[in-house]
1. I'd like to check something: does the stretch 77-84 contain any residue that is in contact (Cβ under 8 Å) with a residue 12 or more places away in the chain, part of a helix (DSSP H, G or I) and surrounded by 15 or more Cβ atoms within 10 Å (Cβ to Cβ)?
2. How about the stretch 85-99: which of its residues are surrounded by 12 or more Cβ atoms within 10 Å (Cβ to Cβ) and assigned to a helix (DSSP H, G or I)?
């Protein structure tokens, strides 16, 4: 009887997670697409110089993010070499999470840089 109760509890928790957790992931992905299209609407009508300036500004942000990621990776390596400083791995895992988030932000900025460069190239061709 106890095993049957555990199975029912597991199934109910799993179903609750499916009902409550899964829609958040779907909504988050839709939100990102809406933000991207809204961002492109904001940049409509920009001059070549505006696109080049935005690309250079974002390149600076990418470099800053990459240096932060490098610093975090160095700290992670330090904790891996000396696990007694972080025996449960809490700091190491949190730094890995932050580093992966920063890498994702860096990739997004690189996509925007490429888009700005394409827009300025297209504007140069239509002159």
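No lab work stands behind these numbers, since they all come straight from the coordinates. Just so we're clear, the structure is a prediction, and the values are computed from it rather than from any experiment. Backbone-built Cβ (ideal geometry, glycine too); neighbour counts: all protein chains shown.
1. Yes, the stretch 77-84 has at least one match.
2. Scanning the stretch 85-99 gives 91, 92, 93, 94, 95, 96, 98, 99.
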